[in-house]
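Working notes, structure below.
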Amino acid sequence: MRIRKAVFPVAGLGTRVLPATKAMPKEMLTIVDKPLIQYVYDEAREAGIEHFVFVTGRNKNVIEDHFDRMYELDATLAARGKKTEQDILAQNQPEAGAVSFTRQQAPLGLGHAVWCARDIVGNEPFAVVLPDELVLNTPGCLKQMIEMASSLGEKSNLVAVEAVPDHLTHQYGICGVGKRNGKMFEVDGMVEKPAKGTAPSNLSITGRYILQPEIFKILETQERGAGGEIQLTDAMIGLARSQKFYGVEFEGERHDCGSKPGFLRANIAYGLKRPELRDGLIAEMKKYLGQ
């Protein structure tokens, strides 16, 4: 099963990190020195994705600008002899025609955002990557999933999962666990935000998916679910009646950058992973801890 396209839902309002996101898309908030959207783009590119589909909304034009060339900046860097900076911009530049943008005109949920990409994706399996969730690992989460998908049938779907505390399962989409094969297992049922004490496991569905195009037909008529939105999990439950779903317990440290504590934690974690920043960051942290 070949996965060529990835969908990035980036139309959200980012209400959990206001006021930072009042005028700036949350996807452009920086972790150390790169915006969130660059991290997930890089993860998808590492996984072999060839076409990157961004589902945007109002006030998100800066995301499109980020993946475009800035001739004035290029010219200024060249004139000043800043070759290193030029190389950094060049390596982050997508190939011509490799990036598409479409609009989600109303905030109707993740499922609706994915459905908005239907004509660009077409009739082939695709990945969905949520930009406010980062996984710190090499290889990246999506590459791990695509490698596992290569051993499955043509009409298979995969979701990345992570264990959460039992008393918090009612806050997540949870999947049941069937037959296991190492880090991958057959999904035995899914439920969106189960009532306390009723969850089939403690494995929550996180922000990485590999889906078959039949999901679009289900999303087209999907009723609104939790929060009055069209939930992707509800559509996956419908698709699971006719196609296999597999859960992938990925390697790596997941960071929820859509929350303020998660955003700060991610900056520390990614900063500590940078050899040129690690010692200085530890020294500054010790100052604040009084050590």
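The values are calculated or read from the model by the stated rules, or taken from the named source; none is laboratory data. Because the structure is a prediction, the values reported are computed rather than measured. For neighbour counting, all protein chains shown are included, and Cβ atoms are generated from backbone atoms with ideal geometry for every residue, glycine included. Side chains included, ligands, DNA and RNA excluded: accessible areas come from the protein's heavy atoms. Shrake-Rupley method; radii C 1.70, N 1.55, O 1.52, S 1.80 Å.
What the table shows:
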read-out	value
GluC sites (Glu not before Pro) restricted to DSSP loop in segment 216-286 with at most 11 other C-beta within 10 Å	223
Relative contact order for segment 3-287, counting Cα pairs under 8 Å that sit 6 or more residues apart, in percent	23 percent
Rh (Kirkwood; distinct C-alpha pairs) - the chain, Å	20.2 Å
Extent along principal axes [Cα atoms of segment 219-286; Å; largest to smallest]	54, 27, 16
Relative contact order [Cα under 8 Å, 6+ residues apart], segment 1-84, whole percent	39 percent
Signed unit charges on C-beta, dipole axis of the chain, positive-most listed residue 96, 246, 228	228
Sequence-distant lysines (8 or more away, or on other chains) whose Cα lies within less than 30 Å of residue 34	5, 22, 26, 60, 82, 83, 143, 260, 273, 286, 287
Segment 1-160: radius of gyration and largest Cα-Cα distance (Dmax), Å	16.6, 54
Theoretical FRET efficiency, 1/(1+(r/R0)^6), r = Cβ-Cβ of residue 265 and residue 108, R0 30 Å, to 0.05	0.50
The chain - percent of accessible surface contributed by carbon and sulfur, probe 1.4 Å	51 percent
Cut-off 18 Å, label 7 Å out along Cα→Cβ of residue 229, residues of segment 37-64 by amide N	37, 54-60
Residue among 60, 26, 179 with the largest mean-square fluctuation in a Gaussian network model of the chain, springs linking Cα atoms under 10 Å	179
Positive dipole terminus of segment 1-85, leading residue within 48, 12, 24 (C-beta point charges)	12
Sites residue 119 and residue 30 - FRET efficiency at Förster radius 30 Å, r taken between beta-carbons, to 0.05	0.40
Whole-number accessible area per residue in Å² for the chain, which is evaluated in the context of all protein chains at 1.4 Å	51 Å²
Principal axis dimensions, largest first and in whole angstrom, of segment 70-142 by Cα	47, 31, 25
Centre separation in Å (Cα based) which lies between segment 1-58 and segment 73-123	9 Å
Most to least packed among 155-168, 262-275 [average Cβ atoms within 10 Å]	155-168, 262-275
Gaussian network model of the chain, springs between alpha carbon atoms under 10 Å - residue of 151, 259, 100 with greatest fluctuation	151
Dipole magnitude of the chain about its Cα centre (Cβ charges: Lys, Arg +1; Asp, Glu -1), debye to nearest 20	420 debye
Viscosity 1.002 mPa s, temperature 20 °C, Stokes-Einstein D of segment 156-291 from Kirkwood C-alpha radius, µm²/s	125 µm²/s
Net +/- balance of residues flanking residue 101 in space, Cβ distance below 14 Å, scoring K and R +1, D and E -1	-1
Spacing of the two label points (7 Å from each Cα toward its C-beta) at residue 90 and residue 155, in nm	4.8 nm
Rounded to the nearest 10 Å², the accessible area of residue 45 at probe 1.4 Å	90 Å²
